[in-house]
Ligand SMILES: NC(=O)C1=CN([C@@H]2O[C@H](COP(=O)(O)OP(=O)(O)OC[C@H]3O[C@@H](n4cnc5c(N)ncnc54)[C@H](O)[C@@H]3O)[C@@H](O)[C@H]2O)[C@@H](O)CC1
Ligand SMILES: [K+]
């Protein structure tokens, strides 16, 4: 598991440690950790050319100490002092180790093997100001970049990027991850995140991210029968869209459902039955549906409502019927459009509800601009979980899952190829199956996102010796069992 804490919690934990330790101990732990990762990335330190971007705060100080350690090992290290002042002791250490300070305030025009970004860390506020922003723009495009603690320009608490930001290959972060390293857009600037333990004693995390080793997908035991393993009901498809139903049902089947019950209009039921004879299907009327109709479909342990459902009266009736049951309900796609019209009051129910919007759907649910959702993903996913009293899975390059009173879960798997039609239907079938197996809603949603991202990677990158290939939602669906094999 990876844990991220807000700046406030980090500062409190640092303060508590600093009161116990000789002055400068934490900074030396941090900078030695940073130098170690830099040396590893360089391979051979001697005679390499390293450029430091040094801000006026302690982030710059860490960078000067790390640069000094590299200079001692024979690297040619040049520091650009970008702030109005620099940490005196760190600068003295750097010079004594053989480090050079650049004459001008710009990026020197020499060859560079590695840039260490120490402009701002957790003390950064708002968009990068000049001259810092100009330095970031002037960085050579092909140099490897290691960010100290946080890529400068990324808000450590939120991942928001208000202007110029350093695009790092690796971020070496201290004590704990910061939420902005796990949440987009910040996460996409952080590259690989390496944690240096500086001995902080931290409270509960604000954002967490599971590794594949942390996954605990439900597995059948000798006592399991199809009912106890989980029966998932799928309400999907309509006159306009039929593929979504086929994908959601197929995904639920591949994710290990004991049984998938599917209900829709006759044409869609025919299609699903042809493709998935394993599914148990029911034809429902097009009008006047309510909870009694769902009872007729049969007992389920969770409902998935929405993929390809349309947004007409029938869709609304079906969503409301599912919400009127006493089992967990996942609302996706068209179901979310229907829900945006019904409002949060429709989710006043005892059993858990999971919503799986992309940024556009969440914008409709919250009455916000899509661009604002994308710029402030952490804020909006939390707001949605509060407003709708539901578990909210916000899709995107890093998917987030929020539930009231719990840390937000960030997903680390996936591939840009996943941005393809139908992959959302696959995710909802998968998450619905995990819900029906009895997983708590946030864990079911996060585990589904993780497996979905793994399946996409397996499909897009079947051979590690060659590059990735485009994928369809169908490829993701059929790779779900392979994704399960990677979990412990
Ligand atoms: N506090 C501690 O005990 C430790 C701190 N450490 C390091 O210290 C860093 C925090 O240091 P500071 O609190 O000094 O803060 P930073 O060094 O992160 O940033 C503060 C400086 O950046 C400037 N600044 C803030 N926002 C800016 C913007 N948008 N544009 C331009 N300049 C901006 C401020 O004016 C100030 O000079 C951590 O990120 C980490 O690197 C580590 O050494 C571990 C121990
Ligand atoms: K930095």
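Among 74, 55, 60, 85, which is modelled with pLDDT of 95 or more, more than 17 Å from residue 108 (Cβ to Cβ) and more than 32 Å from the chain's Cα centre (by Cα)? Steps first, please.
Working: 55 fails: more than 32 Å from the chain's Cα centre (by Cα); 60 fails: more than 32 Å from the chain's Cα centre (by Cα); 85 fails: modelled with pLDDT of 95 or more.
Only one candidate passes the filter, namely 74.
Could you figure out which of (1) under 20 Å from the mean Cα position of the chain (by Cα); (2) loosely packed, with under 15 Cβ neighbours inside 10 Å; (3) in the same structural domain as residue 378 (by TED's automatic domain parsing) isn't true of residue 220?
(1)
Residue 150: within 16 Å of ligand 2 (Cβ to nearest atom), out of contact with any strand residue (DSSP E or B) (no Cβ under 6 Å at 6 or more places or on another chain) and in a loop (DSSP other than H, G, I, E, B), yes or no? Walk me through how you get there before you give the answer.
On the way: within 16 Å of ligand 2 (Cβ to nearest atom): yes; out of contact with any strand residue (DSSP E or B) (no Cβ under 6 Å at 6 or more places or on another chain): yes; in a loop (DSSP other than H, G, I, E, B): yes.
Here the answer is yes, as residue 150 does meet what is asked.
List, please: which pairs have Cβ atoms under 8 Å, are six or more places apart or on different chains, and start with a residue in region 138-153 that is assigned by TED's automatic domain parsing to the domain that holds residue 67 and end with one that is surrounded by fewer than 17 Cβ atoms within 10 Å (Cβ to Cβ) and in a loop (DSSP other than H, G, I, E, B)?
These pairs meet every condition: 138/106; 144/169; 145/169; 146/169; 153/127; 153/162; 153/163.
Mind checking whether some residue in region 112-121 is within 12 Å of residue 83 (Cβ to Cβ), within 6 Å of ligand 1 (Cβ to nearest atom) and assigned to a loop (DSSP other than H, G, I, E, B)?
yes
Going residue by residue through region 197-217, is there one that turns out to be under 26 Å from the mean Cα position of the chain (by Cα), within 15 Å of ligand 2 (Cβ to nearest atom) and within 20 Å of residue 41 (Cβ to Cβ)?
no
Here are the criteria: (1) within 16 Å of ligand 1 (Cβ to nearest atom); (2) buried (at least 16 other Cβ atoms within 10 Å of the Cβ); (3) part of a loop (DSSP other than H, G, I, E, B). Tell me which single one residue 130 does not satisfy.
(2)
Could we say that residue 31 is part of a loop (DSSP other than H, G, I, E, B) and near ligand 1 (Cβ under 10 Å from one of its atoms) here? Step through it out loud before you land on a result.
Details: part of a loop (DSSP other than H, G, I, E, B): no; near ligand 1 (Cβ under 10 Å from one of its atoms): yes.
No, not satisfied.
Quick one: would you say residue 165 is surrounded by 18 or more Cβ atoms within 10 Å (Cβ to Cβ), part of a loop (DSSP other than H, G, I, E, B), within 15 Å of ligand 2 (Cβ to nearest atom) and in contact (Cβ under 8 Å) with a residue 12 or more places away in the chain?
Values: surrounded by 18 or more Cβ atoms within 10 Å (Cβ to Cβ): yes; part of a loop (DSSP other than H, G, I, E, B): yes; within 15 Å of ligand 2 (Cβ to nearest atom): yes; in contact (Cβ under 8 Å) with a residue 12 or more places away in the chain: yes.
For residue 165, the condition - surrounded by 18 or more Cβ atoms within 10 Å (Cβ to Cβ), part of a loop (DSSP other than H, G, I, E, B), within 15 Å of ligand 2 (Cβ to nearest atom) and in contact (Cβ under 8 Å) with a residue 12 or more places away in the chain - is met.
Which of (1) surrounded by 24 or more Cβ atoms within 10 Å (Cβ to Cβ); (2) assigned to a loop (DSSP other than H, G, I, E, B); (3) within 13 Å of ligand 2 (Cβ to nearest atom) is the odd one out, the single condition residue 159 does not satisfy?
Here residue 159 clears every test but (3).
Which residue is farthest from the chain's Cα centre (by Cα), if the candidates are limited to region 144-157 and must be closer than 14 Å to residue 188 by Cβ and more than 8 Å from ligand 1 (Cβ to nearest atom)?
Filtering region 144-157 for residues closer than 14 Å to residue 188 by Cβ gives 145, 147, 150-151, 153-155.
When the remaining residues are screened for being more than 8 Å from ligand 1 (Cβ to nearest atom), the result is 145, 147, 151, 154-155.
Numbers: 145: 22, 147: 20, 151: 17, 154: 16, 155: 16 Å.
Out of the qualifying residues, it is 145.
So, in region 186-209, of the ones that are assigned to a loop (DSSP other than H, G, I, E, B) and in contact with a helix residue (DSSP H, G or I) (Cβ under 7 Å, 6 or more places away or on another chain), which residue ends up nearest to ligand 1 (Cβ to nearest atom)? Working first, answer last.
Residues of region 186-209 that are assigned to a loop (DSSP other than H, G, I, E, B), as a first pass: 191, 197-206.
If we keep only those that are in contact with a helix residue (DSSP H, G or I) (Cβ under 7 Å, 6 or more places away or on another chain) too, we end up with 198-203, 206.
Details: 198: 6, 199: 10, 200: 9, 201: 13, 202: 13, 203: 17, 206: 17 Å.
So, considering only residues that are assigned to a loop (DSSP other than H, G, I, E, B) and in contact with a helix residue (DSSP H, G or I) (Cβ under 7 Å, 6 or more places away or on another chain), the one nearest to ligand 1 (Cβ to nearest atom) is 198.
Only one residue in 253, 235 is touching a helix residue (DSSP H, G or I) at 6+ places or on another chain (Cβ under 9 Å) and closer than 16 Å to residue 331 by Cα, so which one is that?
On the way: 253 fails: closer than 16 Å to residue 331 by Cα.
Among 253, 235, only 235 is touching a helix residue (DSSP H, G or I) at 6+ places or on another chain (Cβ under 9 Å) and closer than 16 Å to residue 331 by Cα.
Within the bounds of region 460-469, is there any residue that is under 20 Å from residue 247 (Cβ atoms) and in a helix (DSSP H, G or I)?
Of region 460-469, the ones under 20 Å from residue 247 (Cβ atoms) are 460, 469.
So of that shortlist, the ones also in a helix (DSSP H, G or I) come out as 460.
Yes, region 460-469 contains at least one residue that is under 20 Å from residue 247 (Cβ atoms) and in a helix (DSSP H, G or I).
Could you identify the single residue in 41, 51, 70, 64 that is assigned to a helix (DSSP H, G or I), in the same structural domain as residue 138 (by TED's automatic domain parsing), away from ligand 1 (no atom under 16 Å from the Cβ) and surrounded by 24 or more Cβ atoms within 10 Å (Cβ to Cβ)?
Working: 41 fails: surrounded by 24 or more Cβ atoms within 10 Å (Cβ to Cβ); 51 fails: assigned to a helix (DSSP H, G or I); 64 fails: away from ligand 1 (no atom under 16 Å from the Cβ).
Exactly one residue qualifies, and that residue is 70.
Only one of 402, 455, 446 is modelled with pLDDT of 95 or more, out of contact with any helix residue (DSSP H, G or I) (no Cβ under 8 Å at 6 or more places or on another chain) and buried (at least 24 other Cβ atoms within 10 Å of the Cβ); which?
Working: 402 fails: out of contact with any helix residue (DSSP H, G or I) (no Cβ under 8 Å at 6 or more places or on another chain); 455 fails: out of contact with any helix residue (DSSP H, G or I) (no Cβ under 8 Å at 6 or more places or on another chain).
Answer to the selection: 446.
Just to check your reading of the model, which residue among 294, 284, 318, 271 is buried (at least 19 other Cβ atoms within 10 Å of the Cβ), free of Cβ contacts under 8 Å to residues at least 60 places away in the same chain and in the same structural domain as residue 246 (by TED's automatic domain parsing)?
Details: 294 fails: free of Cβ contacts under 8 Å to residues at least 60 places away in the same chain; 318 fails: free of Cβ contacts under 8 Å to residues at least 60 places away in the same chain; 271 fails: buried (at least 19 other Cβ atoms within 10 Å of the Cβ).
Answer to the selection: 284.
Return the only residue of 453, 396, 405, 432 being closer than 29 Å to residue 299 by Cα and either assigned to a helix (DSSP H, G or I) or in the same structural domain as residue 356 (by TED's automatic domain parsing) (or both). Step through it out loud before you land on a result.
Working: 453 fails: closer than 29 Å to residue 299 by Cα; 396 fails: closer than 29 Å to residue 299 by Cα; 405 fails: closer than 29 Å to residue 299 by Cα.
It is 432.
The values are calculated or read from the model by the stated rules, or taken from the named source; none is laboratory data. Everything numeric in this text was worked out from a predicted model, so none of it was measured. Backbone-built Cβ (ideal geometry, glycine too); neighbour counts: all protein chains shown.
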